[in-house]
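To keep things clear, I will list the structure first and then write my remarks on it.
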Amino acid sequence: SDMGSLGRIETWQSSSKNEAFEGECGKVRGSADGLFPPGISHLTDSLQFYATDLCRPLTFSRSGEDSLHGISVTKFELSEHNFANTSVCPDNSCYNNNIPSGVQVTLTSCYVVQLRNPNAGGPINASR
């Protein structure tokens, strides 16, 4: 068993791709429920979680070091590029997010609608 693969999600509902998005955006990738190999936070500047309700990975970027109950921890924050439109992040073109950057509307086979606008206090979710 390879500890470097601990927590890696490679398929969802028996497929390595989803029907919600085309190309790279449709690939199943990232961590399953935030489970990572030991020590990975010291070796990388970003982590990906596969959000099954959004049919896409969410990237978290290293934001610094801190202490929690006397234990040193590495902090990661949701990357600003997750919901950016293509004028800010060209790699997001296959998510078809051509509305103002920071707002994401997702209508997918995952039966989820998410509207996100950080200026309005965070996400609003509705799921089936």
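The values are calculated or read from the model by the stated rules, or taken from the named source; none is laboratory data. Nothing here was measured: the structure is a model prediction, and the numbers come from that model. Ideal geometry is used to build each Cβ from the backbone, glycine not excepted, and the neighbour counts take in all protein chains shown. These area figures cover heavy atoms from the full protein model, side chains too; ligands, DNA and RNA do not enter into them. Shrake-Rupley method; radii C 1.70, N 1.55, O 1.52, S 1.80 Å.
Structure data summary
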quantity	calculated
Every residue from the range 1-10 that is part of a loop (DSSP other than H, G, I, E, B) and surrounded by 10 or more Cβ atoms within 10 Å (Cβ to Cβ)	L6, G7, I9, E10
Given (1) in contact with a Lys or Arg (Cβ under 6 Å, 6 or more places away or on another chain); (2) surrounded by fewer than 13 Cβ atoms within 10 Å (Cβ to Cβ); (3) within 25 Å of C94 (Cα to Cα), number of the condition G26 does not satisfy	(2)
Pair list, Cβ under 7 Å, 6 or more apart: the range 44-61 residue farther than 19 Å from G23 by Cβ, other residue acidic (D, E) and assigned to a loop (DSSP other than H, G, I, E, B)	S61/D45
Neighbours by Cβ (under 8 Å, 6+ apart or cross-chain): first from the range 24-36, among the β-branched types (V, I, T); second at pLDDT below 90	V28/I9; V28/E10; V28/T11; V28/W12; V28/N18
Residue within the range 97-111 that is touching a strand residue (DSSP E or B) at 6+ places or on another chain (Cβ under 9 Å), at pLDDT 85 or above and either open to solvent by 60 Å² or more (accessible area, probe 1.4 Å) or not aliphatic (A, V, I, L, M) (or both) present	no
Residues satisfying the stated conditions in the range 29-57, i.e. of a type in the set (G, A, S), buried (at least 17 other Cβ atoms within 10 Å of the Cβ) and either part of a loop (DSSP other than H, G, I, E, B) or more than 12 Å from the chain's Cα centre (by Cα) (or both)	G30
Sole exception among (1) out of contact with any Lys or Arg (no Cβ under 6 Å at 6 or more places or on another chain); (2) modelled with pLDDT under 85 for C89, by number	(2)
Any hit, the range 63-80, residues being over 24 Å from M3 (Cβ atoms), open to solvent by less than 70 Å² (accessible area, probe 1.4 Å) and either in contact with a helix residue (DSSP H, G or I) (Cβ under 6 Å, 6 or more places away or on another chain) or in contact (Cβ under 8 Å) with a residue 24 or more places away in the chain (or both)	yes
